[in-house]
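The values are calculated or read from the model by the stated rules, or taken from the named source; none is laboratory data. Keep in mind the model is a prediction, meaning the values are calculated, not measured. We place every Cβ from the backbone using ideal geometry, glycine too, and count neighbours over all the protein chains shown. Note: accessible area is taken over every heavy atom of the protein model, side chains too, but ligands, DNA and RNA are not part of it. Shrake-Rupley method; radii C 1.70, N 1.55, O 1.52, S 1.80 Å.
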Amino acid sequence: QVQIAESGGGLVQPGGSLRLSCAASGTLFNIYQMGWYRQAPGKQRELVATITSGGTTNYALSVKGRFTISMDNAKKTMYLQMNNLKPEDTAVFYCNCKPYMWDIGYWGQGTQVTVSS
C-alpha cells in the first residue's frame, strides 16, 4: 500500500507565507509526478502545481509567481512554498502522487489553508 501524508497547513494573514509538505511512503517503486490540488468550499478541485521526478513543473495561472513547487526524490517528499497568500487561496490542499504517467495516482487526506485577517 501507498500512504500520502500532507502537512503544513494553517491560518495565515493576507500577504503571508506557508510551506506545505507531502510525503509518500509504502510500496512505491517509482514516482513519475507529484502535484498539489485544492478545493475551496462549493467549488471543484483544481490543479495548483505539479512536478515530475525530472523537475518539470506546471503551475495554475492564479498561483504563478507566488507559489513554488519542489521535490526531494530521495525522500519521496514534495513541497509547496506559498508566498503572498490571498483570501482566495483559502482551500483544502490535496497531494497527489503518480507512480507512472498513466496512473490516476494516490491522494492524501488534505490540509486546510485559510487566509484571513
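The table that follows gives values for the structure above.
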{"item": "Output for the range 1-45, where each listed residue is aliphatic (A, V, I, L, M) and touching a Cys at 6+ places or on another chain (Cβ under 9 Å)", "result": "VAL2, ILE4, ALA5, LEU20, ALA23, ALA24, LEU28, ILE31, MET34"}
{"item": "Residues of the range 73-87 classified as more than 12 Å from LEU18 (Cα to Cα) and either touching a strand residue (DSSP E or B) at 6+ places or on another chain (Cβ under 8 Å) or in contact (Cβ under 8 Å) with a residue 24 or more places away in the chain (or both), total", "result": "6"}
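Rundown of residues vs (1) open to solvent by 70 Å² or more (accessible area, probe 1.4 Å); (2) in a loop (DSSP other than H, G, I, E, B); (3) touching a Lys or Arg at 6+ places or on another chain (Cβ under 6 Å), yes/no style:
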site: SER21; (1), (2), (3): no, no, no
site: ALA49; (1), (2), (3): no, no, no
site: MET78; (1), (2), (3): no, no, no
site: GLN81; (1), (2), (3): no, no, yes
site: ASN84; (1), (2), (3): yes, yes, yes
site: PHE93; (1), (2), (3): no, no, yes
site: CYS97; (1), (2), (3): no, no, no
site: TYR100; (1), (2), (3): yes, yes, no
site: THR114; (1), (2), (3): no, no, no
